[in-house]
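Reviewing the structure listed below.
The values are calculated or read from the model by the stated rules, or taken from the named source; none is laboratory data. No experiment lies behind these values; they were computed from the predicted model shown. We place every Cβ from the backbone using ideal geometry, glycine too, and count neighbours over all the protein chains shown. For the accessible areas, the whole protein counts, side chains as well, though only heavy atoms, and no ligand, DNA or RNA atoms are used. Shrake-Rupley method; radii C 1.70, N 1.55, O 1.52, S 1.80 Å.
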Amino acid sequence: MILDLTQDFEGKSRFSKNSPVSGELLAEYINFSENDVAEAVHNAQSMRAMWRGLSFYDRKILLLQWAKYLANNLEELANLVVEETGKPVADATLEVSLAIEHISWAAKNAKEYLSTQSRPSGLLLFNMESKVQFMPLGVVGVIGPWNYPVFTPVGSIAYALAAGNTVVFKPSEFTPGVGLWLEKSFEVATSTKNVLITITGLAETGKYLTESAVNKIAFTGSSRTAKKVAASCAEKMIPVILECGGKDPVIVAEDANVALAAEYALWSAMANAGQSCIGAERIYVHEQVADKFIEKLKSFALEVKPGVSYGPATMPSQLKVIEKHLKAAEAEGVKFLVGGPNSIQEPYVLPTIMLEVPATSVAMTEETFGPTIAINRVKSVQHAVELANESNYGLAAAVFSKKYAQEIADQLECGMVSINSVFSFAGVPSIPFGGVKESGYGRIHGPEGLLEFVSAKSIISPRFQGPLKLTTFKRKNIAERITTLIIKKLHG
Ligand code: NAD
């Protein structure tokens with residue numbers, strides 16, 4: 001069955017979604033207004049009690065039904081991703097596959113991490129029973145980007161739902177069809193309505209969601225927008241998770257498997273046309289192996305074919321950013337090993353490799369988000385670590401080394417490190433995903449990702465009335481003396 005994504009346009013304003021490859025109109029979608037957003041949040045609120053009232057087991061069954069629906073209709077969703085982003089179908093297929101893994105993990109593990117826990121009460125209050133309950137927040141607003149329009153938002157949606165929340169999802173205006181498909185597939189697979197609601201629209205629609213009655217916002221997108229989201233949410237003290245951009249470094253040590261490092265670093269930088277938050281943008285290679293590494297990377301890069309290996313720039317305005325970075329590097333005397341400022345051939349960007357880019361260049365300090373990479377030689381891995389940490393960003397990093405990898409990883413200021421590999425942490429649902437510094441805060445995925453969507457409630461009750469009554473005006477001197485004695489014995 002092909003899902004019907006028709007919306008009722010009556011009385012609504014619309015926006016167009018065009019093909020990133022041909023520029024032709026693909027479809028029109030409702031541009032949700034402030035009132036529409038408020039209504040969607042209200043509808044999601046109306047299902048809060050039902051959804052949170054289900055047992056972990058019941059929610060698991062429903063979420064696994066959704067995962068099953070996605071698996072059985074993987075091609076349909078992947079084709080829609082291809083149509084809206086322009087990425088190769090194999091990449092879209094992998095993206096959907098990973099999202100299914102995450103739904104399944106969240107469904108199966110919510111009970112283990114979010115069930116009520118007993119905690120020790122300590123010697124002073126030994127007569128009390130102490131428990132922690134994890135309460136769903138209510139309605140979670142998820143705001144998503146276009147570069148991985150299934151994988152990225154599902155990393156919040158599935159975990160928020162598994163934790164007992166209902167969700168209002170604002171997909172990117174560049175991938176509205178994918179966003180609607182997720183809502184409709186959830187409705188069909190689970191026979192529910194208003195548990196997962198998609199609101200299509202432009203930036204303003206996202207802003208309305210941050211101003212609405214949601215109980216948390218999980219935002220993924222640029223650091224620039226993240227700051228606006230956090231500021232808007234601060235007005236009502238709505239808590240936020242911010243998953244933002246990166247300028248991810250790759251460190252190649254003197255003992256690295258150089259061919260492997262070149263192959264993986266190139267893919268990390270250029271897969272999805274370089275439009276990956278966790279994609280490599282800077283490489284620091286030890287001078288002892290630099291020549292060999294650069295030669296390998298160049299030879300691999302020459303085999304990469306825009307339009308086949310990767311798609312166009314999904315968001316046309318990004319081409320200007322990429323061009324600005326390449327032109328700035330050229331003006332600073334940077335040597336181009338492959339490509340150059342003329343690599344921008346709308347809607348594609350040709351593979352581009354820059355050598356010895358100054359640390360202060362915009363091409364080294366800001367997220368480029370294109371199939372470009374800067375390679376700088378270093379005299380030691382220690383220096384590489386310092387340069388890697390100089391960035392305002394701190395999302396992920398990759399390290400290639402036989403002996404020093406863990407030592408290097410320990411020193412990197414970021415949220416995720418791949419050793420002798422790239423990207424793989426995104427495919428492991430049990431570990432958290434997120435960054436530090438301007439790459440954001442909070443975590444999706446894993447137990448940490450589940451805990452983001454609950455609030456801890458402590459409950460304490462007497463098992464029996466203890467001898468030390470401290471919380472009463474009838475407190476005896478002896479109780480105070482015994483308390484002091486215990487504290488001195490324990491900690492003095
Ligand atoms: P973006 O910031 O332009 O938009 C992201 C979303 O925010 C869109 O849905 C947009 O409509 C919405 N939005 C825009 N203005 C808003 C506002 N004022 N209030 C609320 N919502 C608003 O980002 P993008 O171009 O869609 O995505 C690319 C960026 O996302 C890159 O920087 C990339 O690194 C980052 N990203 C990060 C991760 C991660 O997990 N850390 C994953 C994927 C992408």
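Taking the range 269-350, which GluC sites (Glu not before Pro) meet the DSSP loop condition and have no more than 16 other C-beta atoms within 10 Å?
Qualifying residues, ordered by number: E303, E332.
I need the trypsin sites (Lys or Arg not before Pro) found in the range 160-210, filtered to DSSP loop residues with at most 13 other beta carbons within 10 Å of theirs.
Those that pass, being in a loop and sparsely packed, are K193.
Counting only other residues whose beta carbon sits under 12 Å from that of T190, what net charge do I get with K and R as +1, D and E as -1?
+2
Compute the helix-to-body angle for 151-162: its Cα long axis versus the longest principal axis of the chain, expressed 0 to 90° and rounded to tens.
10
So, counting K/R as plus one and D/E as minus one, what does the shell of residues with Cβ under 14 Å around R59 add up to?
Cβ neighbours under 14 Å give a net charge of +3.
Keeping every protein chain in place, order F9, F425, F473 by accessible area at 1.4 Å, biggest value first, i.e. largest first.
F473, F9, F425
Taking the alpha-carbon centroid of each part, what is the distance from the range 212-266 to the range 142-165 in angstrom?
So the two Cα centres are separated by 14 Å.
Before rounding to the nearest 500, sum -39500 (n - 2.57) across all DSSP H runs of length at least 4 in the chain and divide by the residue total; then give [θ] at 222 nm in deg cm²/dmol.
Dividing the helical sum by the residues of the chain leaves -13000 deg cm²/dmol.
Under the rule of at least 5 residues apart or a separate chain, name every residue whose amide H is placed under 5 Å from the amide H of Y310.
Residues meeting the criterion, in which the H sits 1.01 Å from N, are K305.
Work out from phi, with θ = phi - 60° and the Karplus expression 6.51 cos²θ - 1.76 cosθ + 1.60, the ³J(HN,Hα) of each residue of the range 127-137, listed in order in whole Hz, and give x for Gly and Pro.
With the stated coefficients, the range 127-137 comes to 7, 9, 9, 10, 9, 10, 9, 10, 8, x, 7 Hz.
In what sequence, highest mean first, do 385-392, 161-168 appear when ranked by Cβ atoms within 10 angstrom?
For the peptides 385-392, 161-168, the packing ranking is 161-168, 385-392.
Quick check on packing: order 95-103, 40-48 by the mean number of other C-beta atoms within 10 Å, highest mean leading.
95-103, 40-48
Once Lys and Arg get +1 and Asp and Glu get -1 on their Cβ, which of G274, L297, Y264 lies farthest toward the positive end of the dipole of the range 236-347?
Of G274, L297, Y264, it is G274.
Can you list the residues of the range 398-438 with backbone N under 16 Å from a point 7 Å past the Cα of N257, pointing along Cα to Cβ?
What the label zone holds, given the 16 Å backbone N cut-off, is 399-406, 418-424.
Could you compute the net charge surrounding G394? Neighbours are other residues with a C-beta less than 11 Å from the C-beta of G394; K and R count +1, D and E count -1.
Charge balance near G394 sits at -2.
In terms of the ratio Rg/(2.2 N^0.38 Å) built on C-alpha atoms, what value belongs to the range 248-428?
0.93
Based on Cβ point charges of +1 for Lys and Arg and -1 for Asp and Glu, what charge dipole magnitude is obtained for the range 66-215 about its Cα centre, in debye rounded to the nearest 20?
Computed charge dipole of the range 66-215: roughly 600 debye.
Return one number: the angle in degrees, 0 to 90 and rounded to the nearest 10, between the long axis of the Cα atoms of helix 74-85 and the longest principal axis of the Cα atoms of the chain.
60
Report the relative contact order of the chain, percent, no decimals, based on alpha-carbon pairs under 8 angstrom and at least 6 residues apart.
Rounded, it is 17 percent for the chain.
Of Y148, Y441, Y404, which has the most accessible area and how do the rest follow, probe 1.4 Å?
Most to least solvent-accessible, the answer reads Y441, Y404, Y148.
Which of the GluC sites (Glu not before Pro) across the range 4-51 are loop residues per DSSP, with 16 or fewer other Cβ within 10 Å?
Loop-located and lightly packed - E10, E24.
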